[in-house]
Amino acid sequence: MTAAAVFFYIFSAIMLASAFMVIAARNPVHSVLFLILAFVNAAGLFLLAGAEFLGMILIVVYVGAVAVLFLFVVMMLDVDFAELKRGFLQVLPIGAVIGAIVAIELIMVVGAWTTAPANLIAIDAKAPAGITNTQALGQVLYTKYLLFFQASGLVLLTAMIGAIVLTLRHKVVKRQSIEEQNARTPETAVELKKVASRAGV
């Protein structure tokens with residue numbers, strides 16, 4: 001067994017175990033940490049497959065941004081997960097039915113999956129000589145699929161703006177007015193009240 005095969009089985013086993021712990025861990029912070037571990041091992045698999053660009057993007061984008069951002073959101077919001085799980089048993093039958101339907105669909109898709117000969121030829125095609133996989137991917141992405149790339153960027157921008165609008169809370173901030181303070185008189189600045197004995201204010 002070659003070293004590449006050994007690392008493939010190591011990365012795959014750790015990634016599958018981490019993916020299971022993401023949904024099995026009771027602490028949401030632990031789930032995020034297991035998610036980061038799964039991303040790191042998936043990046044290792046991409047490196048073994050020769051797709052170093054995808055591996056680095058997985059580390060930079062998902063581990064460096066998405067997972068860490070989710071971790072900060074979980075820690076800052078202080079969500080009461082016990083309150084969220086209180087009505088779990090009421091929706092459990094519906095969730096079980098939906099999960100069974102999705103599982104059946106996945107089994108049917110995997111059972112009927114076939115690979116076209118043209119796709120096999122495209123997979124075997126190598127990058128042009130003299131450039132790396134990243135350069136070849138950039139040439140295809142910014143020429144043939146430029147419109148789709150720009151459309152995906154607009155979708156992400158819309159999602160970001162929507163998240164900001166939904167979480168934005170308008171607060172009334174008291175500001176200092178120099179003109180009003182200079183224009184004050186003793187009559188407007190001080191209010192005298194006559195309080196009865198032992199009555200309080």
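The values are calculated or read from the model by the stated rules, or taken from the named source; none is laboratory data. From a predicted model like this one, the values you see are computed outputs, not experimental measurements. Side chains are part of the model used for accessible areas, which takes the heavy atoms of the whole protein and leaves out ligands, DNA and RNA. Shrake-Rupley method; radii C 1.70, N 1.55, O 1.52, S 1.80 Å.
Accessible-area rank, largest first, for Lys193, Lys174: Lys174, Lys193, with all protein chains present and a 1.4 angstrom probe.
Using the Karplus relation 6.51 cos²θ - 1.76 cosθ + 1.60 with θ = phi - 60°, the per-residue 3J(HN,Hα) values for segment 90-95 come to 6, 9, 4, x, 5, x Hz, with x marking Gly and Pro.
Once all protein chains are placed together, Tyr142 keeps about 130 Å² accessible to a 1.4 angstrom probe. Note on Arg184: accessible area is roughly 150 Å² with a 1.4 Å probe, heavy atoms of protein only.
Residue order by solvent-accessible surface for Glu52, Glu191 is Glu191, Glu52, largest first, with ligands and nucleic acids left out and a 1.4 Å probe.
Per-residue accessible area (protein heavy atoms, 1.4 Å probe) orders Ser18, Ser197 as Ser197, Ser18, starting from the largest.
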